[in-house]
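Only one structure is covered here, and it is reproduced in the block below.
Quick note: the coordinates plus some simple rules give every number you see, no bench work behind them. None of the values given here were measured: they were computed from a predicted structure. Cβ atoms come from the backbone with ideal geometry, glycine included; neighbour counts cover every protein chain shown.
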Amino acid sequence: MNDADRASFVGGYTKVLANAWSDESFRQRLKDDPEPALAENGLEIPAGSTVTIVDSVAGDASLDEQVDLWEQGQKSGNYRLYVPSEPQVDTSELSESELEAVAGGDTYCCCCSPFCSCT
């Protein structure tokens with residue numbers, strides 16, 4: 001994956017995480033019908049592919065691991081996306097505008113957590 005594709009994926013993935021953590025209806029749509037929910041956030045899944053949303057992650061999942069899984073999905077058509085049920089950082093310290101910036105795709109680094117977008 002080149003740098004531009006990685007940045008695009010990380011931006012979309014960050015939006016998915018922020019939306020899943022702040023909007024229960026989005027989280028449910030992501031579980032029930034992930035392709036359109038991901039597309040809303042810039043992550044297009046080719047027709048005929050499968051998507052598995054993983055909400056419990058054991059060990060030291062990292063952004064690099066998620067990028068690798070996304071690349072594997074692009075090759076195999078079987079995508080796995082880590083979307084933990086709760087943020088790996090304390091988002092209560094973020095202002096409403098900071099949360100909106102993340103959800104809106106602005107570059108804001110709030111961590112670094114295992115799902116940090118600071119790369």
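Run the numbers for ASP23 and ASP55: contour at 0.36 nm per residue of separation, minus the present Cα-Cα distance, in nm.
Gain in length upon complete extension: 10.0 nm.
Through the Karplus equation 6.51 cos²θ - 1.76 cosθ + 1.60, θ set to phi - 60°, convert the phi angles of the range 6-16 into ³J(HN,Hα) values in whole Hz; use x for Gly and Pro.
5, 4, 5, 4, 4, x, x, 4, 4, 4, 4
Provide the per-residue ³J(HN,Hα) series for the range 39-46, in order, calculated from phi with Karplus coefficients 6.51, -1.76, 1.60 and θ = phi - 60°, each as a whole number of Hz, with x at glycine and proline positions.
Karplus values, whole Hz, x for Gly and Pro: 4, 4, 10, x, 10, 7, 10, x.
Mind listing the long-range amide H neighbours of TYR82? Cut-off is under 5 Å, sequence gap 5 or more, other chains count too, H placed in the peptide plane at 1.01 Å from N.
For TYR82, the qualifying residues are VAL54.
Which FRET efficiency, nearest 0.05, do ALA4 and ASN78 yield, Cβ-Cβ r, R0 25 Å?
With a Förster radius of 25 Å, E is 0.55.
Evaluate the distance, in nm, between pseudo-label points positioned 7 Å from the Cα of LYS31 and of GLU44 along their respective Cα→Cβ axes.
The modelled label-to-label distance comes out at 2.9 nm.
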